[in-house]
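J.: Could you have a look at this structure, given as C-alpha cells, before my questions?
The values are calculated or read from the model by the stated rules, or taken from the named source; none is laboratory data. In this text the structure is predicted, and so the values were computed from the model without any measurement. Here the Cβ positions follow ideal geometry from the backbone for every residue, glycine too, while neighbour counts run over all protein chains shown. Heads up: the accessible areas ignore ligands, DNA and RNA and are worked out on the full protein's heavy atoms, side chains in. Shrake-Rupley method; radii C 1.70, N 1.55, O 1.52, S 1.80 Å.
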Number of protein chains: 2
Amino acid sequence: MMKNYFKSVIPETTLRRMVYYTRCLNSFKNEGVKLIQSEDIAKKCGVKSSVVRKDLSYFGEFGVRGKGYDVESLLSTINGITNTFGKMNAALIGVGKLGSAIIKHSTENFNVKIIAAFDKDKKKINKEIGETKVYSVKDIENIIKKYKIKIAIIAIPPSDVQEIVDILVKAGIKAILSLALIPLNVPDDVEVSFVDVLSEVEFLFYKLSLRRNI
Amino acid sequence: MMKNYFKSVIPETTLRRMVYYTRCLNSFKNEGVKLIQSEDIAKKCGVKSSVVRKDLSYFGEFGVRGKGYDVESLLSTINGITNTFGKMNAALIGVGKLGSAIIKHSTENFNVKIIAAFDKDKKKINKEIGETKVYSVKDIENIIKKYKIKIAIIAIPPSDVQEIVDILVKAGIKAILSLALIPLNVPDDVEVSFVDVLSEVEFLFYKLSLRRNI
DNA sequence: TATACTATGTGCTTGTGATAACAAGAGCAA
DNA sequence: TTGCTCTTGTTATCACAAGCACATAGTATA
Ligand SMILES: NC(=O)c1ccc[n+]([C@@H]2O[C@H](COP(=O)([O-])OP(=O)(O)OC[C@H]3O[C@@H](n4cnc5c(N)ncnc54)[C@H](O)[C@@H]3O)[C@@H](O)[C@H]2O)c1
Ligand SMILES: NC(=O)c1ccc[n+]([C@@H]2O[C@H](COP(=O)([O-])OP(=O)(O)OC[C@H]3O[C@@H](n4cnc5c(N)ncnc54)[C@H](O)[C@@H]3O)[C@@H](O)[C@H]2O)c1
C-alpha cells in the first residue's frame with residue numbers, strides 16, 4: 001500500500017483545517033480523552049468525518065481501523081510533520097489597542113507565542129506585557145535574527161506598513177500577517193496574508209442582502 | 001441577450017471579492033478617476049482581469065465594450081444590488097482592547113459603521129467612542145430592534161459568548177461575526193463566521209514548514 | 001460611412017476540492 | 001480459525017471556481 005507521505009501538494013484548505021484539528025486534539029487531550037474517531041473531530045470542528053480522514057491521509061496513516069486515532073500520538077505526529085512541536089514563535093509590530101489584544105490573546109492560546117513585540121513609541125519600549133517584551137523598532141533586525149523568528153504580525157497604521165515590511169524581510173522574516181489592508185511588496189519566498197474584521201462584516205452584509213433577493 | 005440579474009446562486013468567492021472591488025472603486029472615486037478597466041481593478045486587488053469581469057457578470061452588464069466601467073455608476077449599481085448603499089450598520093459586543101480597536105478601525109473605514117456597542121462593565125457604559133455610544137448589555141434587545149441592526153460583532157471572552165448569542169438572535173440579529181473560537185448554537189437562518197489572527201498565524205507556520213519538506 | 005481598434009462579456013476547458021460509497025484492515029468472540 | 005463488527009483509508013464521482021480565448025459591441029478616426 002502506497003503511503004502518502006508528503007504528497008506533492010497539500011491543499012490550502014486542508015492546511016487551514018489542520019489548525020482546527022490540532023486545537024481540537026489538544027482540547028481532547030486536556031480532557032483526558034485517549035482515543036477518538038474521525039467523527040468526534042468532525043463534530044467539534046464543524047466538518048464531515050470524511051473530510052477529516054481525507055485531510056489526515058494526505059500525511060500518512062495514523063489511525064487504527066475499527067478503533068480510531070490515539071489522541072496523543074496523532075498530535076505528536078502532526079507536530080513532527082509540521083516541525084512546530086506546538087511551539088510557534090512570532091513577532092508583533094505595533095503595540096497599540098489591537099496589538100496588545102493579540103498579545104493577551106496569545107497567552108490564552110497555547111500554540112502561538114509572541115516572543116517579541118516592537119513599537120516606535122518611547123513610552124511603550126522596554127515595557128513587558130505578560131512574558132512579551134516590547135522593543136524599539138530600531139532593534140527589529142537584531143532581535144528577529146537573534147531569536148530566528150520567521151513570522152511577524154503587523155498591527156500599525158497603513159502608512160508605515162511597507163517601511164516596516166522591508167525591514168522585516170531584510171531581517172529574514174518568511175511570512176507576514178498584516179492587519180492593514182494595503183498591498184505589500186515582498187520577495188516571492190515570503191508568504192503574505194491579511195486578516196480584516198470589517199471586510200468579513202461587509203461580506204456578511206452582501207450575503208444577507210443577496211439572500212433576500214434570490 | 002439574457003441579462004444575468006440575480007443569477008440563481010452567486011459563488012461565495014465572488015462575494016468576498018466584491019468587498020475588495022467596492023473598496024477599490026471607492027478609492028478610485030476619491031482620486032477623481034471617472035473611468036476604469038477591469039485590468040485596473042484586477043491589479044489593485046491582486047486578481048486577474050478575467051476574474052473581475054466574470055464576477056461582475058454574475059450581476060449584469062455594467063461596462064461599455066472598448067471603453068471600460070464608469071466608476072461612479074458601477075459603485076451605485078453594486079450598492080443597489082446589495083441594498084447597502086454604502087451604509088452598513090453593525091453592533092459590537094465587548095468594548096475591551098479588541099472591541100475598541102475595531103470601533104476605531106471602523107471610523108477609518110467608510111463602509112461599515114458600528115452604531116451601537118455593548119458592555120457589562122459599568123465604567124464603560126454610557127461612554128462614547130467617536131460616534132459610537134456604549135450601552136449596557138441589558139439594552140441589547142431594545143437597541144438592536146430600535147435601529148433594526150442585522151449584524152453583530154462579538155469581542156468578549158469565550159465563556160460568555162453563547163449567552164450573548166442567544167440574546168442577539170432573540171433580538172433579530174441575522175449574522176454574527178465572532179472573534180472567539182467556540183462553536184455557536186444558532187438557528188439555520190443566522191449566518192455565522194469567525195475571524196482569528198492566531199489561527200491564521202498557525203496556518204502560516206504550517207505552510208512554511210511544509211514548504212521546506214516537499 | 002467605412003474601417004480600425006479596444007475592452008467587455010461569455011462559452012469552454014481545466015484543475016481542484018468536497019462528498020459519498022466502499023474496500024480493507026483490525027479487534028473480538030465463539 | 002471463522003465470522004462479525006467497527007472505523008479507517010481510498011477511489012470514483014460530482015460540483016464549482018479559475019482562466020483562457022474569442023466573438024461581440026461599442027468608440028474613434030478619417
Ligand atoms: N484588520 C483588522 O481587523 C483591524 C482591526 C482593528 C484595527 N486595525 C488596524 O490596525 C492598526 C492599529 O490599530 P490600533 O487600534 O492598535 O491603533 P493604535 O493607535 O492603538 O496603535 C498603533 C500602535 O502602533 C505604533 N506604531 C505606529 N507606527 C509605527 C511604526 N512605524 N513602527 C512601530 N510602531 C508603530 C504606535 O506607537 C501604536 O502603539 C490600525 O491601522 C487599524 O486600522 C485592523
Ligand atoms: N479572534 C481574534 O483574532 C482575537 C484577537 C484578540 C482577542 N480575541 C478574543 O477577544 C476577546 C476580548 O479580548 P480583549 O483583549 O478585548 O479583552 P478585554 O478584557 O480587554 O475586553 C473584554 C471586554 O468584554 C467585556 N465583557 C466581558 N464579558 C461580557 C459580557 N458577558 N457581556 C458584555 N461585555 C462583556 C468586558 O467588560 C471588557 O470590556 C478575548 O476573549 C480574546 O480571546 C480574539
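To keep it simple, each residue is scored yes or no on (1) hydroxyl-bearing (Ser, Thr, Tyr); (2) within 16 Å of ligand 2 (Cβ to nearest atom).
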site	(1), (2)
B:Tyr20	yes, no
B:Lys29	no, no
B:Gly80	no, no
B:Ile102	no, yes
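J.: Another one. Read through the list (1) more than 16 Å from ligand 2 (Cβ to nearest atom); (2) under 22 Å from the mean Cα position of the chain (by Cα), then give the number of the only condition that A:Lys97 fails.
T.: Unmet for A:Lys97, out of (1) more than 16 Å from ligand 2 (Cβ to nearest atom); (2) under 22 Å from the mean Cα position of the chain (by Cα): (1).
J.: Give just the number: which of (1) of a type outside the set (S, T, N, Q); (2) open to solvent by 40 Å² or more (accessible area, probe 1.4 Å); (3) away from ligand 1 (no atom under 16 Å from the Cβ) does B:Ile78 not satisfy?
T.: (2)
J.: Of all residues in segment B:29-71 being part of a loop (DSSP other than H, G, I, E, B) and aromatic (Phe, Trp, Tyr), which is least open to solvent (accessible area, probe 1.4 Å)?
T.: Start the filter on segment B:29-71 by keeping residues that are part of a loop (DSSP other than H, G, I, E, B), which leaves B:31-34, B:37, B:46-48, B:58-63, B:65-67.
From what is left, the residues that are aromatic (Phe, Trp, Tyr) are B:58-59, B:62.
On the way: B:Tyr58: 46, B:Phe59: 9, B:Phe62: 39 Å².
Only one residue fits best here, namely B:Phe59.
J.: I want to confirm something. Restricting to segment B:177-214 and keeping residues that are polar (S, T, N, Q) and in contact with a strand residue (DSSP E or B) (Cβ under 7 Å, 6 or more places away or on another chain), which single residue is farthest from DNA strand D (Cβ to nearest atom)?
T.: Taking the candidates together, the pick is B:Ser178.
J.: Right, something else. Regarding B:Ile103, is this residue under 23 Å from the mean Cα position of the chain (by Cα), open to solvent by less than 40 Å² (accessible area, probe 1.4 Å) and modelled with pLDDT of 95 or more? So that I can check it myself, show each step before the final result.
T.: On the way: under 23 Å from the mean Cα position of the chain (by Cα): yes; open to solvent by less than 40 Å² (accessible area, probe 1.4 Å): yes; modelled with pLDDT of 95 or more: yes.
Considered against the rule, which asks whether it is under 23 Å from the mean Cα position of the chain (by Cα), open to solvent by less than 40 Å² (accessible area, probe 1.4 Å) and modelled with pLDDT of 95 or more, B:Ile103 comes out as yes.
J.: Please verify whether B:Val64 is of a type in the set (A, V, I, L, M), within 15 Å of DNA strand C (Cβ to nearest atom) and without any contact (Cβ under 8 Å) to a residue 12 or more places away in the chain, treating the condition exactly as stated.
T.: On the way: of a type in the set (A, V, I, L, M): yes; within 15 Å of DNA strand C (Cβ to nearest atom): yes; without any contact (Cβ under 8 Å) to a residue 12 or more places away in the chain: yes.
Yes: the conditions hold for B:Val64.
J.: Only residues that are without any contact (Cβ under 8 Å) to a residue 24 or more places away in the chain and not in a loop (DSSP other than H, G, I, E, B): list them for segment B:107-141, please.
T.: Correct list: B:Glu108, B:Glu128, B:Lys133, B:Tyr135, B:Ser136, B:Lys138, B:Asp139.
J.: Just checking, which of B:Lys133, B:Lys123, B:Lys150 is away from DNA strand D (no atom under 16 Å from the Cβ), among the charged types (D, E, K, R), open to solvent by 50 Å² or more (accessible area, probe 1.4 Å) and more than 30 Å from A:Ile129 (Cβ to Cβ)? Walk me through how you get there before you give the answer.
T.: Details: B:Lys133 fails: more than 30 Å from A:Ile129 (Cβ to Cβ); B:Lys123 fails: more than 30 Å from A:Ile129 (Cβ to Cβ).
Going through B:Lys133, B:Lys123, B:Lys150 in turn, the sole match is B:Lys150.
J.: Being surrounded by fewer than 16 Cβ atoms within 10 Å (Cβ to Cβ), charged (D, E, K, R) and assigned to a loop (DSSP other than H, G, I, E, B) is the filter; apply it to segment B:175-214 and report the residue that is farthest from the other protein chains (Cβ to nearest Cβ).
T.: B:Asp188
J.: Would you please list the contacts, defined by Cβ atoms under 8 Å and residues six or more apart or on different chains, that run from a residue in segment A:73-91 that is more than 10 Å from chain B (Cβ to nearest Cβ) to a residue that is of a type outside the set (Lys, Arg) and part of a strand (DSSP E or B)?
T.: A:Ala91/A:Ile114; A:Ala91/A:Ile115; A:Ala91/A:Ala116; A:Ala91/A:Ala117; A:Ala91/A:Phe118; A:Ala91/A:Ile151; A:Ala91/A:Ala152; A:Ala91/A:Ile153
J.: Taking the options A:Asn89, A:Asn109, name whichever one is at pLDDT below 95, polar (S, T, N, Q) and open to solvent by 10 Å² or more (accessible area, probe 1.4 Å). If you could, list the steps in order and put the result at the bottom.
T.: Numbers: A:Asn89 fails: at pLDDT below 95.
Every option except A:Asn109 fails the conditions.
J.: A further question on this structure: I'd like to verify a number: residues in segment A:18-47 that are touching a Ser or Thr at 6+ places or on another chain (Cβ under 9 Å) and either assigned by TED's automatic domain parsing to the domain that holds A:Phe110 or not hydrophobic (A, V, I, L, M, F, W, C) (or both), how many?
T.: Residues in segment A:18-47 being touching a Ser or Thr at 6+ places or on another chain (Cβ under 9 Å) and either assigned by TED's automatic domain parsing to the domain that holds A:Phe110 or not hydrophobic (A, V, I, L, M, F, W, C) (or both): 9 in total.
J.: Run down A:Gly46, A:Gly66 and say which single residue is modelled with pLDDT under 95 and farther than 22 Å from B:Leu181 by Cα. Write out each step before concluding.
T.: Numbers: A:Gly46 fails: farther than 22 Å from B:Leu181 by Cα.
Going through A:Gly46, A:Gly66 in turn, just one is modelled with pLDDT under 95 and farther than 22 Å from B:Leu181 by Cα: A:Gly66.
J.: Moving to a separate point now. Quick check: is even one residue across segment B:107-119 closer than 24 Å to A:Asn109 by Cα and within 14 Å of ligand 2 (Cβ to nearest atom)? So that I can check it myself, show each step before the final result.
T.: The initial filter retains those residues of segment B:107-119 that are closer than 24 Å to A:Asn109 by Cα, namely B:119.
Checking which are within 14 Å of ligand 2 (Cβ to nearest atom) leaves us with B:119.
Within segment B:107-119 (the criterion being closer than 24 Å to A:Asn109 by Cα and within 14 Å of ligand 2 (Cβ to nearest atom)), the answer is yes, since at least one residue qualifies.
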